[in-house]
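Chemist: Pasting in a structure now, in C-alpha cells, and then I'll have a few things to ask.
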Amino acid sequence: MSPEADTPPLCYGTAAFPGSSGLSLFKQGDNLMLLTVDRDSRDREHIALRSMFAARKRVFIDLLKWDIPALAGQYEVDHFDDIHATYLIVTDEAGEHLASARLLPTTRPALLDALFPFLVAGPIPQGPAIFEITRFCLSPGIGARQRRIARDILLVGLAKHALANGIHTYTGVAELGWFRQIQTFGWDCHALGEPVLHQGQALVALRIDIDRSTVAKLAAAGIAAKSAAAPAARAA
C-alpha cells in the first residue's frame, strides 16, 4: 500500500541518551518512566511498544477517525514503524503507555518529504542531525493531571534526547491549532511555510531548533518533569 493510502496527515517527528544502547529509563514524578526504544531494544521492550501501538489505535483511529488500517483490529502500525524508527515512550510503573512520539531520520524517506512537501516553502530540512517527530500521542482516559505530567516528561525528554545525540532540529507536520499550541511551549518553533488546507484540515510544516537553552526555555514556559492538565492526544 502506498504512503498516501496508509498514512494520514501527521500532526506533529527523533533519537538515545548516552550510554543507553538504545534504551533509557528515567524515573520522573508520579513514578512514570521515560523509555527510548530503537532497533537494538525493540525486542526487550515489546510490552511498551504493544501498549503504544494500542494507544495509537485508540487515539488516531477510534478518537480522531483517521481512515487507516488497524493491525489485528487492535494496533495502529504503518510502514514507517520499521527498524529505523526510534520511540520515546512514557509509561506508568506497570509499563502501560501514557505518552509517546516516533522519531524518523530525515536521511531516509519520512512523512514530510514523502507526503507533505507542498507544506514547505523552500528546501525540506534534511540531514543526519535532523529528525522528524511523528505519531505524538497522549493516551486518552488517564485524567488531565496525568496527561499533563506525561506530556511534559515527553517534551523535556525530546529536548534532552536531541542534545545527547547531536540532533539540532526536529521537523513535523501539525494541524494549525496544535501547531499554535506547540509554539507556546517555549522552544524555538516556527512554520516552514503557510498553512495549507488538506483533506479538510489546515496543516502546517514546522521545525523546532534545539540547543542547550531549550530545556530552560521549556521550564520557563511551565514545561517540566512535573505539572498538571493537557489535551487527550494529538499527532501523527
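The values are calculated or read from the model by the stated rules, or taken from the named source; none is laboratory data. Keep in mind that this is a model prediction, so the values were computed, not measured. Please note: Cβ atoms are built from the backbone with ideal geometry, for glycine as well, and neighbour counts cover all protein chains shown. Ligands, DNA and RNA are excluded from the accessible area calculation, which covers all protein heavy atoms including side chains. Shrake-Rupley method; radii C 1.70, N 1.55, O 1.52, S 1.80 Å.
Chemist: Under a crude label model (7 Å from the Cα following the beta-carbon direction), how far is residue 107 from residue 209 in nanometres?
Modeler: It works out to 2.3 nm between the two label points.
Chemist: Continuing with this model, one more query. So what's the net charge close to residue 60: Lys and Arg +1, Asp and Glu -1, counting the other residues with Cβ under 9 Å from its Cβ?
Modeler: +3
Chemist: How large is ³J(HN,Hα) for each residue in the range 72-85, as worked out from phi by the Karplus curve 6.51 cos²θ - 1.76 cosθ + 1.60 (θ = phi - 60°), to whole Hz, x for Gly and Pro?
Modeler: 6, x, 10, 10, 9, 9, 10, 6, 7, 7, 10, 5, 8, 7
Chemist: Pop the C-beta distance of residue 64 and residue 121 into the FRET formula with R0 = 35 Å and round what comes out to the nearest 0.05.
Modeler: The pair residue 64/residue 121 has a calculated efficiency of 0.80.
Chemist: Sort 161, 198 from largest to smallest accessible area, using a 1.4 Å probe on the heavy atoms of the protein chains.
Modeler: Working: 161 0, 198 45 Å².
So the residues, ranked largest to smallest area, are 198, 161.
Chemist: So if we plug the beta-carbon distance of residue 83 and residue 176 into 1/(1 + (r/R0)^6) with R0 = 45 Å, what FRET efficiency do we get, rounded to 0.05?
Modeler: Here the calculated transfer efficiency is 0.85.
Chemist: Which order do you get for 207, 56, 50 if you rank them by accessible area with a 1.4 Å probe, largest at the top?
Modeler: Result, largest first: 50, 207, 56.
Chemist: Work out the FRET efficiency for residue 201 and residue 72 from their Cβ-Cβ distance, taking R0 = 25 Å, and round it to the nearest 0.05.
Modeler: 0.35
Chemist: According to the square roots a ≥ b ≥ c of the eigenvalues of the Cα gyration tensor, what is the shape class of the range 147-193, taking rounded for a/c under 1.5, prolate for a/b larger than b/c otherwise, and oblate for the remainder?
Modeler: Judged from the Cα gyration tensor, the range 147-193 comes out oblate (a/c at least 1.5, b/c at or above a/b).
Chemist: Let me ask something additional. Probe radius 1.4 Å, ligands and nucleic acids ignored: give me the carbon and sulfur share of the accessible area of the range 173-226 as a rounded percent. Intermediate results must be reported in sequence, preceding the final value.
Modeler: On the way: 1350 of 2620 Å².
Reported share for carbon and sulfur atoms: 52 percent.
Chemist: Something else: Taking a probe of 1.4 Å, how large is the accessible area per residue of the range 36-122, in Å²?
Modeler: Numbers: 3770 Å² over 87 residues.
Averaged over the residues of the range 36-122, the accessible area is 43 Å².
Chemist: If you don't mind, there's one more thing I want to ask. Quick one: Karplus J couplings for the range 183-196, per residue in order, coefficients 6.51, -1.76, 1.60, θ = phi - 60°, nearest Hz, x for Gly and Pro?
Modeler: Rounded to whole hertz, the list is 5, 7, 6, x, 7, 7, 10, 8, 6, 9, x, 6, x, 10.
Chemist: How far apart, in nm, are the 7 Å Cα→Cβ label points at residue 184 and residue 168?
Modeler: 3.1 nm
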